[in-house]
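J.: Below is a structure I'd like to ask you about.
The values are calculated or read from the model by the stated rules, or taken from the named source; none is laboratory data. Worth saying up front: this structure is predicted, and the values here are computed from it rather than measured. No Cβ is skipped: glycine too gets one built from the backbone with ideal geometry, and neighbour counts run over all protein chains shown.
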Amino acid sequence: MTELVLYGHPDSGHANKVALALALAGVPHELRRVDIWAPAATRPAEFLAASPLAQVPLLMVDGVPHLQSGAILMEVARRWPLPGQQPHDLRRGAELILWEANRIGMCLPQLVESRRPGGDSFPPGALDWLRARYATDRDNFDRLLGAGPFFHGAAPGIGDCAIWGYVRWIDRAGVAPSPAMADWRTRMADLPAMPGDFFPA
């Protein structure tokens, strides 16, 4: 039996993407919480040994480390297909993962961080630029979703997991969803595999 251990934190959208994918795929796994707000040197030794950048998510598969949420999502879908994912056709998932990473998944975390007490400061004009990017990404979200309930059609796939990682926190970012985005977030929140919180204390 394959042994899976996922290291992450509730405040990491990237780690939550992978946790959701594993839950949707129904793969038994262990969750281990890593305090991403503590100095990197204080994180567990076994985690630091496997994660060169000391970042989550880290998925250990039979002792082999897998890094970067997009790459991990592709590996999960290849090994353990999600309800909306066909193992022979990962192209749609790859396209959505890369769009998320380069577009909406870039601006939303920065907007969230700008509003966090004690969070990073941004130079003049940066937040306006991020909000303008988000406005374009929100329109493209609607185009990519189309008429389907999920990005992979009738059921969610790895693309839904990737996009959900930070779109779930759109209120924290101080921006508004489109009606289609709001409805999709509700459908994602209602999934049976969706717990109240991944990586509990």
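J.: What are the residue pairs meeting all of these: first residue in segment 49-60, first residue closer than 14 Å to V76 by Cβ, second residue modelled with pLDDT under 95 and crowded, with 18+ Cβ neighbours inside 10 Å, Cβ atoms under 6 Å, and 6 or more apart or on different chains?
T.: Partner pairs satisfying both residue conditions: none exist.
J.: Go through segment 100-122 and give me each residue that's free of Cβ contacts under 8 Å to residues at least 24 places away in the same chain and either closer than 22 Å to L144 by Cα or surrounded by 19 or more Cβ atoms within 10 Å (Cβ to Cβ) (or both).
T.: Correct list: N102, Q110.
J.: I'd like to check which helices (runs of 4 or more DSSP H) are fully inside segment 93-188 and have at least 3 residues that are of a type in the set (A, V, I, L, M).
T.: 104-115, 126-145, 158-167
J.: List every residue pair whose Cβ atoms lie under 6 Å apart, where the two residues are 6 or more positions apart in sequence or sit on different chains, the first residue falls within segment 9-22 and is closer than 12 Å to R168 by Cβ, and the second residue, located anywhere, is in a helix (DSSP H, G or I) and of a type in the set (F, W, Y).
T.: G13/Y166
J.: Among the residues of segment 87-99, write down those that are surrounded by 14 or more Cβ atoms within 10 Å (Cβ to Cβ) and of a type outside the set (D, E, K, R). Lay out the reasoning, then the answer.
T.: Taking segment 87-99 and keeping what is surrounded by 14 or more Cβ atoms within 10 Å (Cβ to Cβ), we get 90, 92-94, 96-99.
If the condition is that a residue be surrounded by 14 or more Cβ atoms within 10 Å (Cβ to Cβ) and of a type outside the set (D, E, K, R), then L90, G93, A94, L96, I97, L98, W99 are the ones that fit.
J.: Right, something else. Being outside the structural domain of D160 (by TED's automatic domain parsing), of a type outside the set (D, E, K, R) and in a strand (DSSP E or B) narrows it down to one residue among L59, L20, L73; which is it?
T.: On the way: L20 fails: in a strand (DSSP E or B); L73 fails: in a strand (DSSP E or B).
Going through L59, L20, L73 in turn, the sole match is L59.
J.: Might you let me know whether segment 69-83 holds any residue that is hydroxyl-bearing (S, T, Y) and under 15 Å from D160 (Cα atoms)? Working first, answer last.
T.: As a first pass, look at segment 69-83 and keep what is hydroxyl-bearing (S, T, Y): 69.
Pick out the ones that are also under 15 Å from D160 (Cα atoms) and you get 69.
Yes.
J.: Could you list all residues from segment 45-56 that are buried (at least 19 other Cβ atoms within 10 Å of the Cβ) and part of a loop (DSSP other than H, G, I, E, B)?
T.: S51, Q55, V56
J.: So, G159, is that one closer than 13 Å to W99 by Cβ, small (G, A, S) and either in the same structural domain as P109 (by TED's automatic domain parsing) or within 17 Å of the chain's Cα centre (by Cα) (or both) or not? Give the steps one after another, and end with the answer.
T.: Numbers: closer than 13 Å to W99 by Cβ: yes; small (G, A, S): yes; either in the same structural domain as P109 (by TED's automatic domain parsing) or within 17 Å of the chain's Cα centre (by Cα) (or both): yes.
The answer is yes for G159.
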